[in-house]
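The next block holds one structure in the form of structure tokens; read it before the comments.
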Amino acid sequence: MAHDVHDYVRTKEEQEYIRRKRAQEMRHMLTSFAMMIFLTLIAFTAVAAGFSTYLIVPIILLLAGVQVVLQLYHFMHLSEKGTGTIAFFMFSGMFVAFIVILTFVTIIWW
């Protein structure tokens with residue numbers, strides 16, 4: 001029983017490493033969140049400026065795609081170790097869905 005209790009005791013170096021690692025992760029999340037807010041402001045500014053619809057729609061779709069990737073990577077914890085396979089299949093599925101939608105839109109419109 002004494003051996004089990006000793007397994008949970010961490011040294012000062014381990015505690016400091018964990019603290020620095022968590023602070024770094026929080027810094028990355030806050031940076032990602034700030035970037036997403038900035039991208040949203042760009043989209044709102046483009047619409048408020050009254051640009052052409054043919055310019056605004058691709059810009060908003062591009063900014064939305066970037067935000068989806070940022071949210072998946074940081075807030076869904078795909079940046080952690082051991083999630084490479086999950087991320088691969090998720091992004092592969094998104095790519096295939098994009099190609100299918102693009103194909104159907106191309107067939108219908110042209």
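The values are calculated or read from the model by the stated rules, or taken from the named source; none is laboratory data. Predicted model only: the values in this text are computed from it and were never measured. With ideal geometry, Cβ positions are generated from the backbone for all residues, glycine too; neighbour counts draw on all protein chains shown.
Structure summary
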quantity	calculated
Residue, nearest to Leu41 (Cα to Cα), within the stretch 55-79, restricted to residues that are more than 8 Å from the chain's Cα centre (by Cα) and exposed (fewer than 14 other Cβ atoms within 10 Å of the Cβ)	Ala64
Among the residues listed as Gly50, Gly82, the single one being exposed (fewer than 10 other Cβ atoms within 10 Å of the Cβ) and modelled with pLDDT under 85	Gly82
Scan of the stretch 5-37 for residues that are among the aromatic types (Phe, Trp, Tyr) and surrounded by 11 or more Cβ atoms within 10 Å (Cβ to Cβ), ordered by number	Tyr17, Phe33
Filtered residues of the stretch 8-32 (kept if touching a helix residue (DSSP H, G or I) at 6+ places or on another chain (Cβ under 8 Å) and hydrophobic (A, V, I, L, M, F, W, C))	Met29
Tally of residues being of a type in the set (Gly, Ala, Ser) and assigned to a helix (DSSP H, G or I) across the stretch 24-82	7
